[in-house]
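The values are calculated or read from the model by the stated rules, or taken from the named source; none is laboratory data. Because the structure is predicted, anything quoted here is derived from the model rather than measured. With ideal geometry, Cβ positions are generated from the backbone for all residues, glycine too; neighbour counts draw on all protein chains shown. Areas reflect the complete protein model, heavy atoms only, side chains present, ligands, DNA and RNA absent. Shrake-Rupley method; radii C 1.70, N 1.55, O 1.52, S 1.80 Å.
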Amino acid sequence: MATTVHEPPKIEGQRDPSQSHGGFNSGGQDLVPGNLPAVKRYSPPPASTGIWVVLASITMTFAAFTSALIVRQGSALDWRHLTLPNILYVNTLVLFASSFALEMTRRRIRVVAGGLKADSVDASRWLYAALTLGLLFVVGQYIAWAQLRAQGLYLATNPNSSFFYVLTAVHALHVLGGLGGLLRVIRKMGNSTLRKSTLDATAYYWHFMDGLWVYLLVLLWMKL
Amino acid sequence: MHDTAHAHAGQHAAPTSFIRKHVFSLDHKVIGKQYYGLALAAVLIGMFLSWLMRLHLGWTNLAIPGLHLLTKNGAPGDVMTPEFYLQLMTMHATIMVFFVLTTAPFAAFGNYFLPIQVGAEDMPFPHFNMMSFWVTFVAFLVLMSSFFVSDGPTLGGWTQYAPLSAVGQVGGPGEGAGVVLWALSIAIFCVGQLLGSLNFITTTLDMRTRGMSLWRLPLSAWGWFITSVMGLTAFAVLMPACILLILDHVAGTSFFVPANTVMNDQMQPHSGGSTLLWQHLFWFFGHPEVYIAIVPGMGIVSHVLVTNMRKPMLSHRVLVYAMGALAVLSYMVYGHHMFVSGMNPVSSLVFSFPTLVITIPSTIVVLIWMGSLYGAKLRINSASLFALGFISMFIAGGVSGFFLAQPSIDIMLHATYFVVGHFHLVMGVAAMFGIFAGTYFWFPKMYGRMMNETLGKIHFWCSFVGAYAIFMPFHYLGLAGNVRRYQAFAPEYMQPLIPLHKFITIAALFTGAAQLVFVYNLFVSRYKGEPASDNPWQATSLEWSTPTTPPPHNNFGDTLPVVYHDPFQYGVESSTGDYVMQTSPEKASAHDES
Ligand code: HEM
Ligand SMILES: [Cu+2]
């Protein structure tokens, strides 16, 4: 076997997340060394992959809860009807509004020296609006629980109420996690270290919470 | 673009304080070693518990001096009560399955070597990674704490079947607080593994260095990647199951306890729960879990074999596809654990089919190993011996799977020692051998010193012979009708089996003692072993091209490596010998696939 020594490729600088990936200024990165067809582009920043991984596992968790609900419903005759508190519909709108506010933030942001920065005061206003509305949603859910309790429906009263509390509580916990993410975005935007991938990931997570909530609402409305 | 690493996603400065360096470290290598340490502590505890059980099984009324120290009232006069036997059994299995077989091959070696093998400085989310370990550590403490609270740990078995697991105190010792702690521990454990999986997946997909295409990943990296995908889905299902189980205890819900359940003459205050629901949720996790335990071992063993055979596998790609197929199929077969659960018999048929299908990728993996070994001049060392042992155990334990896969046969064999023999060989011992192979192989890189080969070989032969001596007779016991999870063999027909149980106990004590040789080797080599070179096995993958051994904080020094080759450039002629490292720009190959 012949031994050929190839010219080593120029060692380029390392991946620079603020510049490379499909963000505000992707492109111009075709540094493919000599005989390496495998390397086409630099890889995306992990947050933009990581978020899909996170959403996949959350989906699995709720799929498990859903199948538990269906199996439990079919297993005995103690399934009762439960009227969902009306405030849930208001909460849904609040959560949607929060997502909308976050989108408005995303449109009012520009790149500054590798980080993102609010374009105008407007952007941070929208961001705080998103945060407040998210918080309001959790408060609203709490009110819904209080209303059920007032009707004498507790966690262990019947299987329906059990599933209602469990599903809404686990969802609310995830929303609280998302609020933590929003706070982090606010902090990072303040000192211009916010990356586009972080903002995107937070936004996807936040919108996913909407979708998940609508799914849960329909499920609870149909099954309880 | 500048050639510093400062803006790099997974990058963080080297820590200076002791705490940040060794305790709350963000460095994947330290986290990997922490996981290894946890697994080592766990495996010693788990093994100790198994000795106690074996002594009791061989000599039922034996007083084991000091046994009463482990339990409040499980050992009057140091003789094990039936309940305490079950508590030990449950803890043995839980410790082994979760804190050894999941942590060591996957979390320990994967954390240490996956980022290096893909050519990264660290995992992309180091804080999550640190949390992953500490959360797992807390889970372990929570589990162990159940030895010290009220009436001890749960006795429900690692599968925690409802309703026993959900009725509380009335179910027996440990069925109150013990189960709650168990479920809490496992739920916390799930969080740790989900965080780990997140890092593993993103590391593999996003952190590969220049030139490292997916097909250039070593088989060990593939093993970890495939496992992390399974972990992500499996643990995300076990966690809700544990939450519901805890609620049945502390909140009085009725997810798992049916109406009119009478337990120890007491009517249970539950309505309409479904016992099968627990089994469905558990096994949807449980079957993938057994592959989570074994696929990293398959990867490690393949990696060790390729290096020691000095030639590629018959087909690198088919091996990867087969491991991937195992992962996918492992979600479709879980019902084979429930053939006799009372679920619809049609479901048994439905689950039996994919269970037979899953033997195909398993067989392909084995055939590729065997075919590649055929005619190879294998270097015999402790690592390659354990790799061979892995294959042997995997085959011996896998064959019994074919029988169990058929509902009509499983009706006879379910819940007997036959099943226990099956999974101890195919999962327990095989995965342990994978861990050993990995340890002997990578120790030089992790600690800069070689392990003692003579002790390693003694360890191998004792373990190999010992494991067969222990677990082969299990199959016979099962066929003879010996039911699993019995603490004594009172029925007439089991009497003739007791001598065999005595033999197994002696074999278990002997094999366990041989593991102490390994522990001794580990600690002595750590401080006194022969210094290791950067690449003692003349291997090609990136972990062997770090600038120092052990690797520096950022793994590769100032620049990340660039990859030119497959990881299996062995048996070629090059300036370094019969191999070309992945980082070498030299072209030297007849079989360079990329
Ligand atoms: C060759 C393919 C395999 C087949 C067809 C197979 C089939 C089965 C079946 C049908 C059972 C249920 C037996 C019963 O409870 O009555 C079983 C149990 C089990 N198998 Fe396998 N198996 C295979 C490979 C594996 C592998 C590779 C592992 C682990 C790495 C494994 C681990 C287990 C465990 C842990 C149990 C028992 C769990 C318990 O009840 O505590 N099996 N197997
Ligand atoms: Cu299985």
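Observations on the model:
- Largest to smallest accessible area among B:359, B:540, B:559 [probe 1.4 Å]: B:559, B:359, B:540
- For B:248-259, mean number of other protein chain Cβ atoms within 10 Å: 4
- By the rule of a C-alpha distance below 29 Å, with chain neighbours fewer than 8 residues away ignored, no lysines are paired with residue A:223.
- Packing-based ranking of B:276-283, A:209-216, B:51-58 yields B:276-283, B:51-58, A:209-216, ordered from highest to lowest mean Cβ neighbour count within 10 Å.
- Cα-based values for region A:85-223, radius of gyration first and Dmax second, are 17.0, 57 Å.
- Crossing angle, helix B:430-447 versus chain B [Cα axis fit, 0-90 degrees, rounded to tens]: 40
- Relative contact order %, chain B, counting alpha carbon pairs below 8 Å whose residues are six or more apart: 15
- With all protein chains modelled, accessible area of residue B:511 [1.4 Å, Å²]: 10
- Counts of other chain beta carbons within 10 angstrom of each beta carbon in peptide B:238-246 average 4.
- When each of the peptides B:574-586, A:136-148, B:26-38 is scored by the mean number of other C-beta atoms lying within 10 Å of its residues, the order from highest to lowest reads B:26-38, B:574-586, A:136-148.
- Probe 1.4 Å - accessible area at residue A:188, Å² to nearest ten: 50
- Residue among A:49, B:231, B:274 farthest towards the positive dipole end of the protein assembly as shown, charges placed on Cβ: A:49
- The accessible-area ordering, largest first, of the residues A:157, B:416, B:60 stands as A:157, B:60, B:416, per a 1.4 angstrom probe.
- Charge sum, other residues only, whose C-beta stays under 11 Å from residue B:530's C-beta, Lys/Arg counted +1 and Asp/Glu -1: +1
- Residues B:112, A:165, A:128, B:331, sorted by accessible area with the largest first, give A:128, B:331, A:165, B:112 [1.4 Å probe; ligands and nucleic acids excluded].
- Rh by Kirkwood over Cα pairs, then Stokes-Einstein D for the protein assembly as shown at 1.306 mPa s and 10 °C, µm²/s: 56
- For the residues of A:158-165, the average number of beta carbons from a partner chain within 10 Å of their own beta carbon is 3.
- Sorted from greatest to least, the principal axis extents spanned by the alpha carbons of chain B come out as 77, 51, 48 Å.
- The value of relative contact order for region A:85-223, using C-alpha pairs under 8 Å at least six residues apart, is 31 percent.
- Of B:33/B:457; B:29/B:587; B:377/B:587; B:377/B:528; A:196/B:29; B:29/B:445, those spanning more than 21 Å from alpha-carbon to alpha-carbon: B:33/B:457; B:29/B:587; B:377/B:587; B:377/B:528; A:196/B:29
- Rounded tilt (10° steps) of B:359-373 against the dominant C-alpha axis of chain B: 40
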